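Participant: Following this message is one structure expressed as structure tokens.
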Amino acid sequence: MSNFMMMRAMSQDSMKGQRLKPGTARRVLSYAAPHRSRIVLFLLVVVVGSALVVATPLILQRIVDDGILKQDRGLVVVLALLVAGLSVIAAALGVLQRRTSAVIGEGLIYDLRNQVFAHVLNQPIAFFTRTQTGALVSRLNSDVIGAQQAFTSTLSGVVSNAVSLVLLLAAMTSLSWPLTLACLALGPLFLIPAQLVGRRLAGLTRDSMNLNADLGTRMTERFNVAGALLVKLFGTPDREQREYAERAAAVRDVGVDIAMNRSIFLTGLTLIAALGTALVYGVGGVWAASGAMSVGTLLALAALMAQLYAPLTALSTVRVDVMTALVSFERVFEVLDLPPLVRDPINPRPLPDGPLSLQLDGVSFGYPPADEVSLASLESAATGDRGGGQTVLHAVDINAAPGRLVALVGPSGAGKTTVTSLVARLYDVTSGAVRVGGVDVRDVALADLHQAVGVVTQEAHLFHDTIRANLSYARPEATQAQMEEALRAAQVWPLIESLPEGLDTVVGDRGHRLSGGEKQRLAIARLLLKAPGLLILDEATAHLDSESEVAVQRALDAALAGRTALVIAHRLATVRDADVIVVLERGRVVQSGRHEELLATGGLYADLYRTQFRDAAAPTPALAAEPTQT
């Protein structure tokens, strides 16, 4: 195990060039505070265990010199039993050390993962649109585990190796200081080549990590439903297999190189230990033969020397090991130090019950710069595109009384989805105010706001879980009867009844086992179960076939009954009965009113409406009924 720890330390030699932010070490110690009693116990066990390493060779000296050579059978038996007892104690201490180490390490991982997970969930949507999911997951896995090693393997390694080295040198010096110095003189013969191998291993380890990351990313992209479908539809399995084989071969070759370098390292360690043993037996044997040294002393020196080089080598790379653990902590802290743009108010105000009014008063908004919402180290292409976005909404005014339906229409890129994001407070306005139920959304607790505001997007997302679990996500305490009622209202209960597993049917990755219309209706059922006072529908019927659209529209009618709604309209025919239609163009409200008024007035709405119905009436082709300009 000590050899493995040394190889791990040397393989991280690349950490020597790292510079940590000031205060990192002090911040790391704060995470040790909840575990300090266990850490003290852990260090005590490590020290005692290291001391036992030296005790056995010294007892061996007494067995030979005072027992065997003097034919004192009783002393031989007593000392042999003492060796056996110390072995049992060492084994028990080893178990206790591993137990304590596991409790400290797993407790630290638990604390860090929970903190990072909760912090990431509070980040704005822009954080997730820019961040590579794999890189973010790595922070929760690899880097957190690397941070754990600071309090387990690194801490125990430094303490045990330091104590062992001091005790070994003290014991060897007390037995024969000239022979001890001679053994130490062999150290550079090993340490210098070990450093060279360590640098070689560092480069190979970096290559291995990069190649494995590339291989993992490729598998992740190809093994999800959308990726697998793309591969099959474009008929490229052979090319994918060939490219995968090339990457796997590179991983294989680097793995062989790493194995060979580690083998060379272990062979060198064994060789130097053998040379040291030969030196002890050669010089010490001559001295023992001439009576200048006892046979027991010779055997004890040989046993002690065999254990000398492992802690010596490990301590020579301890700075690298400590730096590696601290860098892992720093990478975790980098995520924790990214402040969320949207925060809960200090003194939140409650929302009124029932249908909620909605007002946007002079709302202007520009998306924040990348440096405020994401980390360059978590993005695949961090160069460029780091500045702030231009203003996308300009002094927008919208007013919806409780129980009314407001429709947002306009060309693509007009700012419709941005408006809904501000209502749900996925972002905060640059200027102006968004009020729900007469209360500024910035004064409402996020949990209360999201409970009161329900959203159905164009792409309904379902977790890879059962229908029951996806429904209860909106309302964990919902009963079977309440779920059935929501599913009936969403026009999807007959489908659930027809499934062999019913509500316990697993919907698959992103709900791909269901059709688009079925997923939308399940999303609406989830919304009905939540029973919010304000609904946001972001083109919920877009990209559906006619039959699915009719079913989803019926479900939406049930969802909208008695509730305030903000609807982004893809097909203008679906919002002709809206109480207010707001027309957006380039982030500005250019028209507002009822359907008949807007048609009579002319302008952008009338142009869009005539374009849609002229295309719908054209004999070719069918897709013309779904113009992309809205």
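The values are calculated or read from the model by the stated rules, or taken from the named source; none is laboratory data. Nothing here was measured: the structure is a model prediction, and the numbers come from that model. Note that we place each Cβ from the backbone using ideal geometry, even for glycine, and neighbour counts take in every protein chain shown. Quick note on the areas: whole protein, heavy atoms, side chains included, nothing else; ligands and nucleic acids left out. Shrake-Rupley method; radii C 1.70, N 1.55, O 1.52, S 1.80 Å.
Participant: Here are some residues: Ala558, Ala542, Ala523. Which one is at pLDDT below 75, of a type outside the set (Ser, Thr, Tyr), under 25 Å from Asp579 (Cα atoms) and open to solvent by less than 20 Å² (accessible area, probe 1.4 Å)?
Facilitator: Ala542 is the lone residue from the list that is at pLDDT below 75, of a type outside the set (Ser, Thr, Tyr), under 25 Å from Asp579 (Cα atoms) and open to solvent by less than 20 Å² (accessible area, probe 1.4 Å).
Participant: So which residues in segment 484-509 are at pLDDT 85 or above, more than 36 Å from the chain's Cα centre (by Cα) and among the small types (Gly, Ala, Ser)?
Facilitator: Passing the criteria: only Ser498.
Participant: Out of the residues in segment 162-194 that are modelled with pLDDT under 80 and not hydrophobic (A, V, I, L, M, F, W, C), which is nearest to the chain's Cα centre (by Cα)?
Facilitator: Filtering first and then ranking leaves Pro193.
Participant: Do we find a residue being more than 18 Å from Thr417 (Cα to Cα) and in contact with a Ser or Thr (Cβ under 8 Å, 6 or more places away or on another chain) anywhere in segment 565-578?
Facilitator: Checked against the condition, which is being more than 18 Å from Thr417 (Cα to Cα) and in contact with a Ser or Thr (Cβ under 8 Å, 6 or more places away or on another chain), segment 565-578 yields no hits at all.
Participant: Pairs please, first residue from segment 231-251 and within 20 Å of Gly216 (Cβ to Cβ) and at pLDDT 80 or above, second anywhere and open to solvent by 70 Å² or more (accessible area, probe 1.4 Å) and part of a loop (DSSP other than H, G, I, E, B), Cβ atoms under 6 Å, 6+ apart in sequence or on different chains.
Facilitator: Close Cβ pairs satisfying both conditions: none exist.
Participant: Cβ-Cβ distance below 6 Å, separation of 6 or more or different chains: which pairs start in segment 285-313 with a residue that is surrounded by fewer than 19 Cβ atoms within 10 Å (Cβ to Cβ) and end on one that is part of a loop (DSSP other than H, G, I, E, B) and not small (Gly, Ala, Ser)?
Facilitator: What qualifies is Trp287/Met293.
Participant: Name the pairs whose Cβ atoms lie under 7 Å apart, with the first residue in segment 174-185 and closer than 13 Å to Ala302 by Cα, the second surrounded by fewer than 16 Cβ atoms within 10 Å (Cβ to Cβ) and at pLDDT 85 or above, and 6 or more positions between them or separate chains?
Facilitator: Matching pairs, first to second residue: Thr180/Thr173.
Participant: Now a separate question. Here's a check for you: in segment 582-602, which residue that is open to solvent by less than 40 Å² (accessible area, probe 1.4 Å) and in a loop (DSSP other than H, G, I, E, B) is nearest to Lys416 (Cα to Cα)?
Facilitator: Among those that are open to solvent by less than 40 Å² (accessible area, probe 1.4 Å) and in a loop (DSSP other than H, G, I, E, B), it is Gly587.
Participant: I would also like to ask the following. With respect to Arg404, determine if the residue is of a type outside the set (Gly, Ala, Ser), surrounded by 17 or more Cβ atoms within 10 Å (Cβ to Cβ), in contact with a Pro (Cβ under 9 Å, 6 or more places away or on another chain) and in contact (Cβ under 8 Å) with a residue 60 or more places away in the chain.
Facilitator: yes
Participant: For segment 472-485, how many residues meet the condition of being surrounded by 15 or more Cβ atoms within 10 Å (Cβ to Cβ) and over 17 Å from Ala452 (Cα atoms)?
Facilitator: The total comes to 4.
Participant: Tell me the residue from Val396, Val455, Val423, Val419 that is in contact with a helix residue (DSSP H, G or I) (Cβ under 9 Å, 6 or more places away or on another chain), of a type in the set (Val, Ile, Thr), modelled with pLDDT of 90 or more and under 20 Å from Ala126 (Cα atoms), please.
Facilitator: Answer to the selection: Val423.
Participant: Considering every residue within segment 569-581, establish whether at least one is at positive phi and either in a helix (DSSP H, G or I) or surrounded by fewer than 14 Cβ atoms within 10 Å (Cβ to Cβ) (or both).
Facilitator: No: zero hits.
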